[in-house]
1. Residue by residue through region 157-177, note down the ones that are of a type in the set (D, E, K, R) and assigned to a helix (DSSP H, G or I).
2. On the given criteria, is residue 114 surrounded by fewer than 21 Cβ atoms within 10 Å (Cβ to Cβ), modelled with pLDDT of 85 or more and either in the same structural domain as residue 22 (by TED's automatic domain parsing) or not aliphatic (A, V, I, L, M) (or both)?
3. Tell me yes or no: at least one residue of region 96-117 is over 21 Å from the mean Cα position of the chain (by Cα), of a type in the set (D, E, K, R) and in a helix (DSSP H, G or I).
4. Taking the options 87, 59, 18, name whichever one is at pLDDT below 85 and part of a helix (DSSP H, G or I).
Amino acid sequence: MAAYARVSDDSGRLPASLAAQVSHYSRLIQATPGWEYAGVFSDLGITGTSTNRPGFQDLITTARAGLIGSVLCKSISRLARNTVDLLETICELKALGVAVRFERESTDTNTADGELLLTLLASFAQEESRPLQRNVKWAIRKRYTQGGTNSFWIYGYDWAGNGFVINDDEAKIVRLLFADYLAGISPEKTATWLNAGTGRVAEADSTGR
């Protein structure tokens, strides 16, 4: 028996909530007669609208290796918020002989009623994610209109605590890219030259390009 836990970045309860879930499932599985502990897989601060999650991928890999018979999960939306991803995951796990039990919905994918309810609830979970996506996109656009950014990692700059400062070494490459583009040279060709170590960055820097 394994378990999967996830806390998304919109919850505001990240580390403590995830730790509580992991602890709960670890104790539950190891204290239940007939269950053999296969681990608790988890993801912190990652949305469920994609399967590109390290903990989730580890769970699937372990199931493919035949090391899991059943998976416990707090709710359908914790496993996935995208209907297609959710159903594809459930179908693959079922093909591997792995059942998924959702506590909140009292659903076991091994039953016919569970499959029907799963399809309906998966659609609801996807709908619930849309307002969150709109809120996140609005916040990102708002930061841009105020001169802000959505990341502290911007090539050509370093974050100095309260603002960006130019990174001289990276700025040379940025200037070269713009100069080449204005000269009709494609970014792909410039990248090929840079990767080949042609010395064009030093040359461009010495000429002030």
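The values are calculated or read from the model by the stated rules, or taken from the named source; none is laboratory data. Everything numeric here is computed off the predicted structure, so don't read it as measured data. All Cβ positions, glycine included, derive from the backbone under ideal geometry; neighbour counts span all protein chains shown.
1. Result: 168, 169, 170, 172, 175.
2. no
3. Yes: region 96-117 contains one or more residues that are over 21 Å from the mean Cα position of the chain (by Cα), of a type in the set (D, E, K, R) and in a helix (DSSP H, G or I).
4. Of the residues listed, the single one that is at pLDDT below 85 and part of a helix (DSSP H, G or I) is 87.
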